[in-house]
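What follows is one structure encoded as structure tokens, with my remarks underneath.
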Amino acid sequence: MAAPAAASAPPLESSMLARAARILYSFTSTSPELSMSDVVRRTGLPRSSVHRILDQLVQLRALERTGSRYRLGLGLLELGALAVHQNRLRETSLPHLRRLHETTGMLVHLAVLDGPEIVYLEKIGDGPEGRVPSRLGGRQPAYCTGAGKALLAFAGEDELAETLAAGLPARTKFTITDPGALRRELAYIRDHGVAFDREEGHRGVSCVAAPLRDATGRGVAAISVCGPPSRMDARRVVPPLLTTARDVWRALFTATPRTRTR
């Protein structure tokens, strides 16, 4: 695969990031291992620059070195697997999320946990009066969002410890800032299967969320419905939310039986 054109064109051409990209893209399926001379010839970069960047990429696990030859490292494999997983997650969820938005008339999110924050993989609809500052690829603290709490409830102790270590500053007067209170909230979520954000991240915005859990029980993503508190009627919102979560789970984790042929 050729390097993106931007990696060899102004204003990115001389940047360290663009040069690293040109080096990484010089590896191909037919040339999975290259010497430094090979990389210099393929990229046209100065030998001194190639040497320095190769060493840094090895330290970052983007490349591996055996003797005088380099190949793509496990770090890139892990990132690639994560990208494939998240793309499949988003594509599989999308029709179900749209149906949930149509049913509730409210903003719908698909989010994953990344350290003490959530990252939005999908957003359908508009927030109440534009008060939800969410966007695709955007981040929010996990401890004060419905999706974040749904994921933390089914995460490991290491993930929760990382969130607590980052602090629980008050975003509104309703934010849970006490670690003990947050743990009790997460225990409630584990018992009931849904998480609530009662204007904890933003005034005038409430959310209810449900986790998508893998075969081990860990949360891999969460679906949330957000709207003004006056419209957040749990009896109306929770049933379609849980139905959506189950439908997405089946689409993701239940294999389609093969048709028998005679």
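Just so you know, all these numbers are worked out from the coordinates, no wet-lab data involved. Owing to the predicted nature of the structure, the values given are computational and were not obtained by experimental measurement. Glycine also receives a Cβ, built like all others from the backbone with ideal geometry; neighbour counts cover every protein chain displayed.
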Residue among CYS144, GLN59, ALA187 farthest towards the positive dipole end of the chain, charges placed on Cβ:
GLN59
Could you check which residue among LEU45, LEU94, LEU110 shows the biggest mean-square fluctuation in a GNM of the chain with a 10 Å Cα cutoff?
LEU45
Over 35 Å apart: what share of the alpha carbon pairs of the chain falls there, rounded to a whole percent?
35
Spin-label model distance (nm) - THR92 vs TYR188, 7 Å beyond Cα toward Cβ
3.1
Per GNM of the chain with C-alpha springs under 10 angstrom, the most fluctuating residue out of ALA222, ALA155, ALA181 is ALA181
Once you place label points 7 Å from the Cα toward the Cβ at ARG218 and SER31, how far apart are they in nm?
3.8
Per-q log10 I(q)/I(0), the stretch 5-72, q = 0.18, 0.24 Å⁻¹ (Debye; single scatterer per alpha-carbon; no solvent):
-0.60, -1.06
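Is it possible to state the helix-based mean residue ellipticity at 222 nm for the chain, with each DSSP H run of 4+ residues giving -39500 (n - 2.57), the sum divided by total residues, to the nearest 500 deg cm²/dmol? What is it?
The helix-only estimate for the chain comes to -14000 deg cm²/dmol at 222 nm.
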Quick one: putting +1 on the C-beta of Lys and Arg, -1 on the C-beta of Asp and Glu, what dipole do you get for the chain around its Cα centre, in Debye to the nearest 20?
720
